[in-house]
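Coordinate-derived values only; no laboratory data. All values derive from a computational prediction rather than experimental measurement. Note that we place each Cβ from the backbone using ideal geometry, even for glycine, and neighbour counts take in every protein chain shown.
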Amino acid sequence: MVDLAYSDPDLAELYDLLNPWGPGDDFYLGLVMSADAVLDIGCGTGTLLRRAREAGHRGRLCGLDPAGAMLDRARTRSDVEWTLGDLSSAGWTQEFDLIVMTGHAFQVLVRNEEVRTALSAIRSALTNGGRFAFETRNPLVRPWERWTPDRAIEVTDVAGAVVRVEHEVETPVEGDIVRFTETFTHTGWNSPRVSQSTLRFLDVESLSAFLTDAGLVIEDQFGDWNRGPLTGTSPEIITIARRA
Ligand SMILES: C[S@@+](CC[C@H](N)C(=O)[O-])C[C@H]1O[C@@H](n2cnc3c(N)ncnc32)[C@H](O)[C@@H]1O
């Protein structure tokens with residue numbers, strides 16, 4: 001089931017405001033611009049592919065997301081293929097030379113079976129020599145410990161309304177699964193909206209084992225968006241993999 005944060009049209013409308021373009025998007029845009037056919041899994045509001053088209057990408061751009069409200073935002077651009085759904089129903093065969101999962105979308109794959117199904121579909125959808133690029137937050141730096149209500153994010157929308165988002169993690173956190181709520185308040189709403197989420201924080205070894213089992217090999221791995229080495233204190237595990 002998709003989180004309320006993505007399925008509620010009002011919350012989907014706030015997504016880009018709360019998640020502005022950042023260094024991760026620059027990293028992926030560079031990869032997209034040098035690929036011919038690109039699939040963005042969990043494309044959300046489609047910012048990356050829309051930006052690629054604006055920047056002159058002339059090949060195939062395809063965005064996949066199970067949240068209709070997010071895809072409705074993406075559909076403002078009709079020269080990109082937008083597909084509602086997830087990888088369990090996808091049937092692409094060797095069609096993309098680049099597949100990306102950005103904005104930590106990979107972490108929504110929680111159960112082993114979901115990870116395996118997704119990686120197997122990704123491998124099938126890649127051309128020979130095609131690459132799968134994605135990132136997952138490094139569990140060694142325990143980022144969820146900083147997702148506390150006192151670190152709420154506040155932004156002002158175009159109409160001047162103040163939007164506030166507070167995170168609260170369910171404790172104790174056991175294993176690599178983190179459950180948390182995001183409480184959205186908006187000066188124009190009568191009551192807050194609460195979205196419940198679950199994310200998986202795979203460590204480097206487990207991630208590597210899932211990739212190998214799916215017939216993928218790691219070509220490059222970075223710890224930050226400047227392509228710095230992956231260390232125990234890196235914020236991200238950024239992986240570029242290809243078919244074995
Ligand atoms: C944090 S957002 C990232 C959106 C976009 N990639 C970005 O960077 O802005 C996560 C997205 O993953 C989507 N999602 C949730 N479950 C998914 C699944 N099983 N397969 C693919 N995408 C999924 C959500 O609907 C949401 O749009």
Query raised in the report: Can you work out ³J(HN,Hα) from phi for every residue in region 31-44, in order, using Karplus 6.51 cos²θ - 1.76 cosθ + 1.60 and θ = phi - 60°, giving whole Hz and x for Gly and Pro?
Result: 5, 4, 5, 9, 10, 8, 10, 10, 10, 10, 8, x, 6, x
Query raised in the report: Taking +1 at the Cβ of each Lys and Arg and -1 at the Cβ of each Asp and Glu, which of Gly59, Leu49, Thr76 sits farthest along the dipole of region 1-146 towards its positive end, judged by Cα position relative to the Cα centre?
Result: Gly59
Report summary line: Ignoring trypsin sites (Lys or Arg not before Pro) buried by more than 16 other Cβ within 10 Å or outside DSSP loops, the longest site-free run in the chain is 112-226
Query - Relative contact order for the chain, counting Cα pairs under 8 Å that sit 6 or more residues apart, in percent - result: 17
Report summary line: At q = 0.08 1/Å the base-10 log of I(q)/I(0) from the Debye formula over the alpha-carbon atoms of the chain is -0.30
Query raised in the report: Where the centroid of each part is defined by its Cα atoms, how far is region 107-135 from region 26-43 in Å?
Result: 15
